[in-house]
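Take a look at the structure set out below.
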Amino acid sequence: MADDTPTEPEKGDVTPPATGEAEQEQPKPKAEIPAEVRAALHKANKEAETLRLKLKEFEDRDKTEADKLAERLANAEARALQADRLEIALEKGLSRSQAKRLVGATREELEADADELLEDLGPRVDPAADKSIPPPGGKPREQLKPGSGDPDAPVEETDIKKLGARMFER
């Protein structure tokens, strides 16, 4: 008959004994990777980088003058759209971070999106009509009022020692 008792693994056996829980394989620490393997990996990465650069050169070489001009035009249009986005945000009183949220492919779409964003932010109050409410993205204004009363009136005492002495005079 067969013996049902667990046996010790042999020296050549690398399979760990079953413990009932699934053990996850841990990645090797960097120190355990042999130096020659690291050197070969570094060399392969350098070669891959060189090949990527050569591929880019070949792709650019095969481009016609029209393709190059089209690429430059696309870059210029993207920069112009970004400038329009910032200009519209400035006109509408939006901050730089709010300007980043504007989406659209044309100036009209950007303006419509800016109006929609302002509508979502809340009721718009004309800053010229009410100085106490700052424009969106602007700095708050202080609500200073001119001095009150008679300029010849005595100034209130603020020195704590003098106030204390005056309290205990009575």
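Taking region 28-71 as the region of interest, how many residues are surrounded by 10 or more Cβ atoms within 10 Å (Cβ to Cβ), more than 35 Å from the chain's Cα centre (by Cα) and of a type in the set (S, T, N, Q)? Selection size over region 28-71: 0.
Taking the residues in region 96-113 that are among the small types (Gly, Ala, Ser) and surrounded by fewer than 13 Cβ atoms within 10 Å (Cβ to Cβ) as candidates, determine which candidate is farthest from the chain's Cα centre (by Cα). Out of the qualifying residues, it is Ala105.
Residue-by-condition table, conditions (1) of a type outside the set (A, V, I, L, M, F, W, C); (2) at pLDDT 60 or above; (3) assigned to a helix (DSSP H, G or I):
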| site | (1), (2), (3) |
| --- | --- |
| Asn75 | yes, yes, yes |
| Ala78 | no, yes, yes |
| Ile88 | no, yes, yes |
| Glu108 | yes, yes, yes |
| Glu116 | yes, yes, yes |
| Ser132 | yes, no, no |
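The residues on offer are Asp120, Asp84, and the sole one that is assigned to a helix (DSSP H, G or I) and surrounded by 11 or more Cβ atoms within 10 Å (Cβ to Cβ) is Asp84.
The values are calculated or read from the model by the stated rules, or taken from the named source; none is laboratory data. On a predicted model such as this, the values are computed, not experimentally measured, just so you know. Please note: Cβ atoms are built from the backbone with ideal geometry, for glycine as well, and neighbour counts cover all protein chains shown.
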